[in-house]
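The values are calculated or read from the model by the stated rules, or taken from the named source; none is laboratory data. Remember, it's a predicted structure, so these values are computed and weren't measured experimentally. All Cβ positions, glycine included, derive from the backbone under ideal geometry; neighbour counts span all protein chains shown.
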Amino acid sequence: MDYRIEKRETFKLLAKVAKFRNESISEDGNAGISDFWKKCGANGILDVLKQNTNKYDIYGPCAPISKESTHFEYGIGMEFNGDNIPDGYTVWEVKPTLWAVFKCIGDNGDCIGETWGKIFSEFLPSSEYCNKCLNN
């Protein structure tokens with residue numbers, strides 16, 4: 001699996017955010033997140049993000065999953081350098097932390113689903129960074 005761990009300082013993401021059921025991350029064949037990527041590509045959402053950044057890296061940030069909630073938030077975003085937040089978008093301030101950065105290259109949303117599958121079947125079960133969070 002192609003990934004790297006990097007430390008990032010505080011930055012802001014402009015993101016289109018959707019809610020997904022907690023169970024969806026472990027359901028075989030669940031295409032909710034990859035379908036969200038496809039929809040965002042088709043609906044011009046990525047174009048809006050590009051208009052509000054000077055860095056074109058695309059992020060798929062995931063809010064923490066909680067036992068107290070049935071859903072989690074997942075966004076598609078780019079670093080935000082503006083002042084005016086477009087309607088329907090959210091700004092997430094990302095605190096300094098370690099990031100697991102996964103390379104996902106493809107011409108459609110299928111690579112997103114494949115990468116998510118590998119994250120949960122390969123990376124998380126064997127990672128020194130995440131074993132504690134899986135056992136809680």
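Candidates Lys38, Lys50: the one that is surrounded by 12 or more Cβ atoms within 10 Å (Cβ to Cβ), in contact with a Gly (Cβ under 8 Å, 6 or more places away or on another chain), among the charged types (D, E, K, R) and at pLDDT below 95 is Lys38.
In this entry, Asp87 is excluded by the filter for residues that are within 17 Å of Ser34 (Cα to Cα) and more than 13 Å from the chain's Cα centre (by Cα).
Part of a loop (DSSP other than H, G, I, E, B) and on the phi < 0 side of the Ramachandran plot: is that true of Glu68 in this structure? So Glu68 passes the test. Among the residues here, Gly75 qualifies as small (Gly, Ala, Ser) and modelled with pLDDT of 85 or more. Among the residues making up the range 32-52, those that are over 22 Å from Ala100 (Cβ atoms) and either outside any helix (DSSP H, G or I) or in contact with a Phe, Trp or Tyr (Cβ under 6 Å, 6 or more places away or on another chain) (or both) are Asn43, Gly44, Asn52. For Gly77, the criteria (1) in contact (Cβ under 8 Å) with a residue 40 or more places away in the chain; (2) surrounded by 15 or more Cβ atoms within 10 Å (Cβ to Cβ); (3) assigned to a loop (DSSP other than H, G, I, E, B) hold in every case but one, which is (3).
Each residue in the range 99-126 was checked for being assigned to a helix (DSSP H, G or I), among the polar types (S, T, N, Q) and touching a residue at least 40 places away in the same chain (Cβ under 8 Å), and 0 of them qualify.
In the range 83-98, what residues are of a type outside the set (Ser, Thr, Tyr), over 16 Å from Ile45 (Cα atoms) and in contact (Cβ under 8 Å) with a residue 40 or more places away in the chain? Within the range 83-98, Trp92, Glu93, Val94, Lys95, Pro96, Leu98 qualify.
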